[in-house]
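Bear in mind these aren't lab numbers, they're just calculated from the coordinates by the rules spelled out. None of the values given here were measured: they were computed from a predicted structure. Note that each Cβ is placed from the backbone with ideal geometry, even for glycine, and that neighbours are counted across all protein chains shown.
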Amino acid sequence: MRGRPRVISPSTMAIPVRERWLRRAIHASQTWDVLIALTALVAGTTGVATLAESGRSGAAWIAGSCAVLTCVFTITRAVVAWTKQARRESLHELRGCLMTLHALLVETDRPGEVVRTGLRLTVHVPSADHRELVQVLDYVGDTRGGRTAGRRLPVHCGIAGHVYRTGDAYHAQRQDGDYEAYVRDLVEQWAYSEPQARRVDPASMSWMAVPLASGARIEGILYLDAREPGFFTESRQDLILRAAVGVARYVAERYA
């Protein structure tokens with residue numbers, strides 16, 4: 001299936017890509033502010049002790065109070081800044097959008113239906129240099145693959161890369177479980193290297209990807225796959241396309 005062509009803006013995408021906590025801590029200016037404050041507190045404590053030993057208890061009390069208050073103020077300010085940043089970069093609401101769409105696509109009240117279809121959803125965004133797509137959320141729905149947020153894929157590979165490059169929604173499927181034929185297809189038609197192709201989940205039988213577009217800018221790629229061949233019927237495709245419009249509007253507003 002194809003949609004109208006879109007011009008892909010080279011600007012930075014709105015959906016945040018979460019770094020590992022250690023990298024975030026190192027890059028955050030608040031971390032260094034806190035370290036400097038703690039260092040100053042240690043140095044101040046030494047100075048207070050020296051003043052106290054020389055009999056200048058009043059000066060020692062003032063110096064100690066200033067050092068403690070400065071440290072407390074700096075740490076409080078850092079905590080407030082970290083909290084604001086965490087709220088600004090939160091992906092919980094986006095995950096909630098995908099969980100709602102998953103519930104609309106799969107009859108969750110039927111025993112075994114979720115497992116049988118194996119439907120899972122996620123969102124990819126381009127890296128800063130636009131050479132890779134980064135998965136920003138662990139899959140919603142089927143949990144095969146475990147924790148996959150942060151996984152990267154070259155933009156020239158796969159259905160998600162195709163949709164990002166063209167700006168058109170696309171779906172595909174395979175009919176049999178021949179694994180070697182599947183690997184060859186990924187290499188020959190979808191530009192994977194053989195090692196990359198063998199790392200792709202072999203259980204998926206149907207795929208769909210839709211651009212999350214705000215005006216002329218693609219904010220991300222909504223990606224879905226399922227164990228069930230032919231899962232993405234016309235009615236489901238229509239529902240996904242409609243939902244993608246709403247998700248794209250939300251993303252443009254939430255992460256503006």
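Summary table
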quantity	calculated
Cα centre as origin, Lys/Arg/Asp/Glu Cβ charges: region 36-190 dipole, Debye	660
Whole-number percent relative contact order across region 100-190, with pairs defined as alpha carbons under 8 Å at least 6 apart	18
Anisotropy class of region 120-191 from Cα gyration tensor, a/c 1.5 cut	oblate
Size of charge dipole - region 100-256 - debye, nearest 20, with Cβ of Lys, Arg +1 and Asp, Glu -1, no other charges	440
Euclidean distance between Cα centres, region 36-59 to region 233-256, Å	60
Note, ³J(HN,Hα) from phi for region 182-187, Karplus 6.51, -1.76, 1.60, rounded to Hz, x at Gly and Pro	5, 4, 4, 5, 5, 6
Three-way shape call for region 139-256 based on the alpha-carbon gyration tensor, with the a/c threshold at 1.5	prolate
